[in-house]
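Visitor: Below are the structure tokens for one structure; questions will follow.
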Amino acid sequence: MTLKELTTQLHSLTKGHINGESFTVTELQAVIAKWLQTGNSYILEAKLPDGNWLCEISKNPAYGYGYFLPETRNQEKWLYEKLGIKL
């Protein structure tokens, strides 16, 4: 997926509420591009209708951009572990 597609989907899911801030689609696209300048993935907090969830966005030269949004809190533990946080 392209950066624009990733941004549009993520904005639609979160209504632009990421990491405790509110973004327009254009602002979110710029900040995601900035976050991914220094690495291939970034873990963020997404505000969804059922609460705040960790979400990982990533880029891969062969496949483009993508995201992992856990479906359960048990799946979300993997992202906390990736951050070095034990629950």
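Visitor: Going by the structure shown, is Lys82 more than 13 Å from the chain's Cα centre (by Cα) and not aromatic (Phe, Trp, Tyr)?
Guide: Judged against the criteria, Lys82 is a match.
Visitor: When you scan region 22-35, do you find a residue that is closer than 11 Å to Ile57 by Cβ and small (Gly, Ala, Ser), even just one?
Guide: yes
Visitor: Residue under question is Gly39, and the condition is that it be surrounded by fewer than 13 Cβ atoms within 10 Å (Cβ to Cβ) and of a type outside the set (A, V, I, L, M, F, W, C); does it hold?
Guide: So Gly39 passes the test.
Visitor: Out of the residues in region 75-87 that are charged (D, E, K, R) and either touching a His at 6+ places or on another chain (Cβ under 7 Å) or surrounded by fewer than 15 Cβ atoms within 10 Å (Cβ to Cβ) (or both), which is modelled with the lowest pLDDT? Explain how you work it out, then say what you get.
Guide: Quick first cut of region 75-87, residues charged (D, E, K, R) only: 76-77, 81-82, 86.
In the following step, the residues that additionally are either touching a His at 6+ places or on another chain (Cβ under 7 Å) or surrounded by fewer than 15 Cβ atoms within 10 Å (Cβ to Cβ) (or both) were identified as 81-82, 86.
Details: Glu81: 95, Lys82: 93, Lys86: 85.
Filtering region 75-87 for residues that are charged (D, E, K, R) and either touching a His at 6+ places or on another chain (Cβ under 7 Å) or surrounded by fewer than 15 Cβ atoms within 10 Å (Cβ to Cβ) (or both), the one modelled with the lowest pLDDT comes out as Lys86.
Visitor: Please give the strands (runs of 3 or more DSSP E) falling wholly within the chain in which 2 or more residues are touching a residue at least 60 places away in the same chain (Cβ under 8 Å).
Guide: Strands (runs of 3 or more DSSP E) meeting the threshold: 64-68.
Visitor: Does Thr72 satisfy the criteria of being more than 11 Å from the chain's Cα centre (by Cα), exposed (fewer than 15 other Cβ atoms within 10 Å of the Cβ) and at pLDDT 95 or above?
Guide: yes
Visitor: Continuing with this model, one more query. Go through (1) more than 11 Å from the chain's Cα centre (by Cα); (2) closer than 26 Å to Gly84 by Cβ for Thr24 and report which single condition fails.
Guide: All conditions are met except number (2).
Visitor: In region 47-65, how many are surrounded by 15 or more Cβ atoms within 10 Å (Cβ to Cβ) and either within 16 Å of Ile32 (Cβ to Cβ) or basic (Lys, Arg) (or both)?
Guide: Total meeting the criteria: 8.
The values are calculated or read from the model by the stated rules, or taken from the named source; none is laboratory data. Remember, it's a predicted structure, so these values are computed and weren't measured experimentally. A quick note on method: Cβ atoms are made from the backbone with ideal geometry, for glycine too, and the neighbour counts reach across all protein chains shown.
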